[in-house]
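Novice: Take this structure, written in structure tokens, and hold onto it; I'll ask about it next.
The values are calculated or read from the model by the stated rules, or taken from the named source; none is laboratory data. Keep in mind the model is a prediction, meaning the values are calculated, not measured. Note that each Cβ is placed from the backbone with ideal geometry, even for glycine, and that neighbours are counted across all protein chains shown. Accessible surface areas use protein heavy atoms only, side chains included; no ligands, DNA or RNA. Shrake-Rupley method; radii C 1.70, N 1.55, O 1.52, S 1.80 Å.
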Amino acid sequence: MSYICLMVNRNGAVAAADSRETFPGHIHLDRRQKCFALPERKLIWACCGPTLRFGVDLPGSVRHILDSDRPMEDSLERVAGSVQRLTRLGPDPGPFCLTAARWEDGGFTVWDFRQVRSDPGERYTFRRRRWRVCGKGAVFLQAGAKHRLLPPVEAAGLTELSYEALRSAARERVTLAIRMDEQRRAADRHYNQTIGGQVRAVGIRVKGA
């Protein structure tokens with residue numbers, strides 16, 4: 001139960017996230033890293049959903065898979081296999097979501113890779129979407145169980161932002177998610193505030209932007 005977002009335009013790409021990790025009984029720790037940068041791969045990504053299963057750190061496992069020379073599509077297949085093996089047993093941990101952006105061939109390739117299902121009784125399957133941002137246009141992605149509580153963001157409004165403004169917008173979006181969850185907790189002491197902690201962000205700035 002987290003909040004992550006990814007904003008991409010021709011000037012750069014930024015992934016931002018909260019740092020709360022929630023456990024049964026309304027117990028939480030605010031030290032979980034959910035957004036990552038692999039500068040040598042010109043890749044940033046963020047994930048949310050289950051983080052620790054049967055002693056395996058899922059974000060750490062995903063980082064290991066993505067930090068390779070294989071094509072991104074192949075890496076995502078490996079991520080899917082790893083996540084499905086670790087989440088098909090035991091209580092339902094909720095869906096795993098990953099958003100990523102890589103600078104390649106003079107533009108950004110953006111991926112949205114997440115588990116979905118149409119019925120609570122069904123097994124999760126992975127849905128994969130991909131975009132190219134080269135020149136005009138922008139992409140905005142978000143994930144987390146409570147993201148629908150936030151006001152919408154139009155990707156078109158991000159098109160002309162500088163890299164610094166894009167980074168600020170991503171961090172502000174996560175800050176807003178934390179603030180709204182705090183307000184719900186203040187109004188209902190039984191409410192489980194699952195978004196919180198520090199706001200973290202990683203990014204790729206296009207040279208000369």
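Novice: Please determine whether any residue of the range 107-129 is within 23 Å of residue 22 (Cβ to Cβ) and aliphatic (A, V, I, L, M).
Specialist: Checking the range 107-129: at least one residue is within 23 Å of residue 22 (Cβ to Cβ) and aliphatic (A, V, I, L, M).
Novice: I need the full set of residues from the range 22-52 which are of a type in the set (D, E, K, R), at pLDDT below 85 and either touching a helix residue (DSSP H, G or I) at 6+ places or on another chain (Cβ under 8 Å) or part of a strand (DSSP E or B) (or both), in order please.
Specialist: none
Novice: Exactly one condition in (1) at pLDDT 95 or above; (2) part of a strand (DSSP E or B); (3) not hydrophobic (A, V, I, L, M, F, W, C) is false for residue 115; which is it?
Specialist: The one condition residue 115 does not meet is (1).
Novice: Moving to a separate point now. Here's a check for you: in the range 118-159, which residue that is of a type in the set (Gly, Ala, Ser) and part of a loop (DSSP other than H, G, I, E, B) is most open to solvent (accessible area, probe 1.4 Å)?
Specialist: Checked the range 118-159; the qualifying residue most open to solvent (accessible area, probe 1.4 Å) is 118.
Novice: Does the range 72-88 contain any residue that is in contact with a Lys or Arg (Cβ under 6 Å, 6 or more places away or on another chain), open to solvent by less than 50 Å² (accessible area, probe 1.4 Å) and within 30 Å of residue 137 (Cβ to Cβ)?
Specialist: No, the conditions are met nowhere in the range 72-88.
Novice: If you check residue 162 against the conditions, is it hydroxyl-bearing (Ser, Thr, Tyr), open to solvent by 30 Å² or more (accessible area, probe 1.4 Å), under 20 Å from residue 35 (Cα atoms) and out of contact with any Lys or Arg (no Cβ under 8 Å at 6 or more places or on another chain)?
Specialist: Judged against the criteria, residue 162 is not a match.
Novice: In the set 159, 99, which member is modelled with pLDDT of 95 or more, over 29 Å from residue 58 (Cβ atoms) and of a type in the set (S, T, N, Q)?
Specialist: Testing whether each residue is modelled with pLDDT of 95 or more, over 29 Å from residue 58 (Cβ atoms) and of a type in the set (S, T, N, Q) leaves just 159.
Quick grid of which residues meet (1) closer than 24 Å to residue 105 by Cα; (2) of a type in the set (Lys, Arg); (3) free of Cβ contacts under 8 Å to residues at least 40 places away in the same chain; (4) in contact with a strand residue (DSSP E or B) (Cβ under 8 Å, 6 or more places away or on another chain):
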| position | (1), (2), (3), (4) |
| --- | --- |
| 152 | no, no, yes, no |
| 159 | yes, no, no, yes |
| 163 | yes, no, no, yes |
| 170 | no, no, no, yes |
| 173 | no, yes, no, yes |
| 184 | no, yes, yes, no |
| 189 | no, yes, yes, no |
| 207 | yes, yes, yes, no |
